[in-house]
Structure formats: C-alpha cells, structure tokens
1. Which of the residues belonging to region 35-56 are modelled with pLDDT under 90 and out of contact with any helix residue (DSSP H, G or I) (no Cβ under 6 Å at 6 or more places or on another chain)?
2. Let me confirm something: among Phe84, Phe69, Phe127, which residue is part of a loop (DSSP other than H, G, I, E, B), over 18 Å from Val19 (Cβ atoms) and of a type in the set (Phe, Trp, Tyr)?
3. Of all residues in region 45-79, which are without any contact (Cβ under 8 Å) to a residue 40 or more places away in the chain, of a type in the set (A, V, I, L, M, F, W, C), open to solvent by 80 Å² or more (accessible area, probe 1.4 Å) and closer than 17 Å to Ile4 by Cα?
4. Please enumerate the residues belonging to region 79-126 that are among the aromatic types (Phe, Trp, Tyr) and modelled with pLDDT under 75.
5. Can you pull out every residue in region 16-34 that is of a type in the set (Val, Ile, Thr) and loosely packed, with under 15 Cβ neighbours inside 10 Å?
Amino acid sequence: MDEIKIGSNRGFGIVFFVVFFLIGLYPLTYSGEIRIWAVIISLIFIVLGFFNSKILTPLNKIWFKFGIFLGKIISPVIMGIIFFLVVTPTGLIMRLLGKDVLNLKYNKNKSYWIEKNSTKSKMRNQF
C-alpha cells in the first residue's frame with residue numbers, strides 16, 4: 001500500500017493564512033471590529049509558509065494526523081447514514097412489492113438454471 005505523503009509546509013502555511021485571515025475579517029460582515037489576533041496569526045503563517053519554514057513541520061504533521069483520525073471516524077458514519085437512508089428503504093420497498101431482483105426465493109425445480117428463449121447476439125464474426 002502506498003504511504004500517504006504530508007503536504008508541503010508552504011501549502012500548509014497558505015491554507016492557515018487564509019483560515020485565520022477569514023476569522024479575523026469575519027466580524028466585518030455584521031459591522032464588528034477586525035480580530036487583530038487572528039490577522040497577526042495569519043500573517044505569521046503566510047511569512048513562514050513562503051519561506052517554507054521548518055517551524056511549520058510539527059504543526060503540519062499534527063494537522064495531517066488529525067485529518068487521518070477524522071477520516072477514520074467520519075467515513076463509517078457517512079456510509080452508515082447512506083445505508084440506512086437509501087439502501088434499507090429501497091430493500092424494504094422492494095420486499096413490500098414482492099420483487100426478487102436477485103432471484104433468491106426458494107425454487108421447487110431441481111435446477112436454478114434459467115432457460116433463455118432467444119439469444120440477444122450470435123457472437124459470430126466478431127472481428
């Protein structure tokens with residue numbers, strides 16, 4: 001299995017610059033004051049990011065491990081929601097309508113072989 005590689009410190013710095021810059025400017029949407037602390041942190045991240053500083057490496061690794069952790073939790077939850085909201089109701093509706101799409105019902109015949117009345121293609125002169 002291929003090992004997942006951590007993103008560059010430059011990309012990490014730019015992403016967190018944008019995040020903290022938006023946090024700093026968000027109060028302006030409702031006539032509030034700029035959050036100076038967030039703007040200062042964003043400027044630190046952009047400077048360290050452009051110089052590809054090794055200071056960002058431990059933070060980048062922590063952020064990467066946090067993403068892997070979230071993926072292990074969120075993926076099964078989303079798949080469970082999809083299963084119980086889509087697959088289960090579809091199966092129940094098919095059962096209520098008496099459909100046997102997979103032909104799983106017990107068959108009294110000696111064989112489960114399905115006889116075909118006509119062929120869809122003769123498979124002659126394929127090339």
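The values are calculated or read from the model by the stated rules, or taken from the named source; none is laboratory data. The structure displayed is predicted, hence computed values, not measured ones. Cβ sites come from the backbone with ideal geometry, for glycine too, and all protein chains shown count toward neighbours. Each accessible area value is taken on the protein alone, full model and side chains, heavy atoms only, with ligands, DNA and RNA left out. Shrake-Rupley method; radii C 1.70, N 1.55, O 1.52, S 1.80 Å.
1. Phe50, Phe51, Ser53, Lys54
2. When all the criteria are applied, what remains is Phe127.
3. Within region 45-79, Ile62, Phe66, Phe69 meet the criteria.
4. The one that is among the aromatic types (Phe, Trp, Tyr) and modelled with pLDDT under 75: Tyr112.
5. Once the filter is applied, which keeps residues that are of a type in the set (Val, Ile, Thr) and loosely packed, with under 15 Cβ neighbours inside 10 Å, region 16-34 yields Val18, Val19, Thr29, Ile34.
Table: residues versus (1) more than 30 Å from the chain's Cα centre (by Cα); (2) of a type in the set (Lys, Arg).
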position: Val18; (1), (2): no, no
position: Ile41; (1), (2): no, no
position: Val47; (1), (2): yes, no
position: Gly67; (1), (2): no, no
position: Lys72; (1), (2): no, yes
position: Leu92; (1), (2): no, no
